[in-house]
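Q: Below you'll find the structure I mean.
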Amino acid sequence: MVATIGAPRVINATAALMDSVPQSTADMLPKHSGRSKDEYIYSDIRSRGESLWRSVYSRQADKLEQKIGNWYPDLIEVIKTDLYGRLLSDCRILDAKSTELCTIAALVPIDVPAQLKSHVLGAGRLGASQEEIDAAHAIAQLIYSFSE
């Protein structure tokens, strides 16, 4: 479910982005994935996801995990292992704070206030200043305004 809801939007957004960047910028981007099947040891990925999950949600981490797990146990596993472990905690390009700021920007246009609030708090827990959080939100709103 998570992949089929989000993946098509990510594919379309990536295509639109790549169609709009100058060729000189596109030429600087990697031509091959930096990910390797050899780096995906499930327990390591799960541990990395767990660590980031706890950093973002702090005292609410257990409560939120239980709530989501009660809805559907596999959903929390996908979120913590695949989203947080494989994707969001991969700091080869962006550190955790920058990733949270990008997450805030991504959540602004999709009208998910509870998740936005959680990630605003998470960004602060990861060291983002209120000014950085406000800037991420404002930039996202500005970009979104062009699509309306």
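The values are calculated or read from the model by the stated rules, or taken from the named source; none is laboratory data. Predicted, not measured: the structure shown is a model, and the values here were computed from it. Every residue, glycine among them, receives a Cβ derived from its backbone with ideal geometry; neighbour counts consider all protein chains shown. These accessible areas exclude ligands, DNA and RNA; they are computed on the full protein's heavy atoms, side chains included. Shrake-Rupley method; radii C 1.70, N 1.55, O 1.52, S 1.80 Å.
Q: Against the condition in contact (Cβ under 8 Å) with a residue 60 or more places away in the chain, over 26 Å from residue 34 (Cα atoms) and charged (D, E, K, R), how does residue 59 come out, does it pass? Give the derivation first.
A: Working: in contact (Cβ under 8 Å) with a residue 60 or more places away in the chain: no; over 26 Å from residue 34 (Cα atoms): yes; charged (D, E, K, R): yes.
Against the criterion (in contact (Cβ under 8 Å) with a residue 60 or more places away in the chain, over 26 Å from residue 34 (Cα atoms) and charged (D, E, K, R)), residue 59 does not qualify.
Q: If you go through the stretch 82-98 one residue at a time, how many are open to solvent by less than 20 Å² (accessible area, probe 1.4 Å) and either part of a loop (DSSP other than H, G, I, E, B) or of a type in the set (Val, Ile, Thr) (or both)? Write out each step before concluding.
A: Residues of the stretch 82-98 open to solvent by less than 20 Å² (accessible area, probe 1.4 Å): 84-85, 89.
Narrowing the set further to residues that are either part of a loop (DSSP other than H, G, I, E, B) or of a type in the set (Val, Ile, Thr) (or both) leaves 89.
Residues that pass the stated criteria total 1.
Q: Wholly within the stretch 1-81, which helices (runs of 4 or more DSSP H) include no fewer than the required count, namely at least 1 residues that are touching a Leu at 6+ places or on another chain (Cβ under 7 Å) and at pLDDT 90 or above?
A: The qualifying helices (runs of 4 or more DSSP H) are 42-57, 61-71.
Q: Can you tell which of 114, 140, 135, 123 is loosely packed, with under 15 Cβ neighbours inside 10 Å and of a type outside the set (S, T, N, Q)? It would help to see each step written out before you state the result.
A: Working: 140 fails: loosely packed, with under 15 Cβ neighbours inside 10 Å; 135 fails: loosely packed, with under 15 Cβ neighbours inside 10 Å; 123 fails: loosely packed, with under 15 Cβ neighbours inside 10 Å.
On inspection, the qualifying residue turns out to be 114.
Q: I would also like to ask the following. Is at least one residue of the stretch 73-81 of a type in the set (D, E, K, R), open to solvent by 80 Å² or more (accessible area, probe 1.4 Å) and either under 22 Å from residue 96 (Cα atoms) or within 17 Å of the chain's Cα centre (by Cα) (or both)?
A: The first filter runs over the stretch 73-81 and keeps only residues of a type in the set (D, E, K, R), leaving 74, 77, 80.
Remaining after also requiring open to solvent by 80 Å² or more (accessible area, probe 1.4 Å): 74.
Filter again for either under 22 Å from residue 96 (Cα atoms) or within 17 Å of the chain's Cα centre (by Cα) (or both), leaving none.
No: zero hits.
Q: Also, quick follow-up: Only one of (1) within 25 Å of residue 20 (Cβ to Cβ); (2) in contact (Cβ under 8 Å) with a residue 12 or more places away in the chain; (3) among the polar types (S, T, N, Q) is not met by residue 118, so which one is it?
A: For residue 118, the exception is condition (1).
Q: Same structure again: Do the conditions hold for residue 103, that is, is it hydroxyl-bearing (Ser, Thr, Tyr), under 30 Å from residue 142 (Cβ atoms), surrounded by 14 or more Cβ atoms within 10 Å (Cβ to Cβ) and within 15 Å of the chain's Cα centre (by Cα)?
A: Yes, satisfied.
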